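The values are calculated or read from the model by the stated rules, or taken from the named source; none is laboratory data. Computed from a predicted model, the values in this text were never measured in an experiment. FYI the Cβ positions are ideal-geometry reconstructions off the backbone, even for glycines, and counts take in every protein chain you see. In case anyone asks, the SASA skips ligands and DNA or RNA and just uses the protein heavy atoms, side chains included. Shrake-Rupley method; radii C 1.70, N 1.55, O 1.52, S 1.80 Å.
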Amino acid sequence: MTVTKWTWLIISVIYVAFFSWYTSFKEPLTQQEIDHYLEKVEAKPEELASFRKFMEDDDGNDFVMINIMEMNDTPLQIEGVEPGETTDQVLAKYMEYMFPAMLSRASHPVFQGQAVSDRAMDIMNADGMETWTGAAGVRYRSRRDMIEISTNPEFTGRHEFKVAALAKTIAFPVAPFNYLGDPRLVLALLLGLIGCAVGWWQARSVLEAQSST
């Protein structure tokens, strides 16, 4: 085969492998799985009811968890928090578990930023929710992946660092979430560009060889 054909073959294999890993092809959560996860979660009755509905409404696809946060000025002094540590350092201890756990399941932040206003620009019927430090959005490959991450026993101890770092937080899932920065689209464009460049280079080489004979 020519260099161009080999290039497109390799590109196709790479993209199919990535797409297959990054995209959820599994069925929605089964009733057996839902019951299993409910047994692993300790929460108030109303929280469990909401969690059950979240799982029962599963469509098997990805979603984004929107997190709005206000950081403590200084972290709560719990076990594992060293004197003098900042809230960012304490939150980083929480993320030491979260980042590897998320990336292993094709889940990752899609945006993150700091608040640029001292108070919320628009607020209605939400007393005490006027001030926030920042916000982030985390893409999860599926609800099953998110639940597997959050019910892992290793998560329990790490979550205490999040509690120590944050004064308050709101997290809610949204779906569908489509954005131009989707890695599947970015990778397709990048690999396509590489394939076209190689094809152009080979065509140019052939033309130069023919013109020199």
State whether region 1-111 is rounded, prolate or oblate according to the following rule on the C-alpha gyration tensor (a ≥ b ≥ c being the square roots of its eigenvalues): a/c under 1.5 gives rounded; otherwise a/b larger than b/c gives prolate, and the remaining case gives oblate.
oblate
Hey, if we sort E27, E96, E130, E42 by accessible area with the 1.4 Å probe, largest down, what's the order?
E42, E27, E96, E130
What is the calculated FRET efficiency for C196 to F19, with r their C-beta to C-beta distance and R₀ = 25 Å, to the nearest 0.05?
0.80
Would you mind computing, in nm to one decimal, how far apart the modelled labels at A49 and R204 are, each placed 7 Å from Cα along Cα→Cβ?
6.7
Lysines with Cα under 28 Å of K26, excluding same-chain neighbours fewer than 8 positions away
K40, K53
Restricting to DSSP H runs of at least four residues, report the calculated mean residue ellipticity at 222 nm for the chain, -39500 (n - 2.57) per run over all residues, nearest 500 deg cm²/dmol.
-17000 deg cm²/dmol
Once Rh for region 124-213 is found with the Kirkwood sum over Cα pairs, what is the Stokes-Einstein diffusion coefficient at 10 °C and 1.306 mPa s, in µm²/s?
84
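If you build the Cα gyration tensor of the chain and take the root of 5 times each eigenvalue, what three semi-axes come out, in whole angstrom, biggest first?
Working: eigenvalues 377, 106, 60 Å².
Value: 43, 23, 17 Å, ordered largest first.
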Might you tell me the accessible area per residue for the chain, computed with a 1.4 Å probe and given in Å²?
64
Just name one of V81, L38, N61: the one whose Cα is farthest towards the positive end of the charge dipole of region 20-85 (beta-carbon charges, Lys/Arg +1, Asp/Glu -1).
N61
Please report the carbon-and-sulfur percent of the accessible area for the chain; probe 1.4 Å, protein heavy atoms only, DNA, RNA and ligands left out.
60
If N is the residue count of region 71-189, its Cα Rg over 2.2 N^0.38 Å rounds to 1.20
Relative contact order for region 68-213: what percent, with Cα pairs under 8 Å and sequence separation of 6 or more?
34
With all protein chains present and a 1.4 Å probe, how do V110, V138, V163 order by accessible area, largest first?
V163, V110, V138
Label point 7 Å out from E39 along Cα-to-Cβ: which residues of region 148-162 have amide N under 19 Å?
148-154
DSSP loop trypsin sites (Lys or Arg not before Pro) in region 76-130 with at most 13 other Cβ atoms within 10 Å of their Cβ, which ones?
R119
Please give the FRET efficiency for L103 paired with T4, using the beta carbon to beta carbon distance and R0 = 41 Å, rounded to the nearest 0.05.
0.80
From highest to lowest solvent-accessible area (probe 1.4 Å; ligands, DNA and RNA excluded), L189, L29 read L189, L29
Cα-centred dipole magnitude for the chain, charges only on beta-carbon of K, R (+1) and D, E (-1), debye, nearest 20:
1100
W21 accessible area, nearest 10 Å², 1.4 Å probe?
110
Please list, or write none, the lysines whose alpha carbon is within less than 23 Å of the alpha carbon of K5, excluding same-chain residues fewer than 8 places away.
none
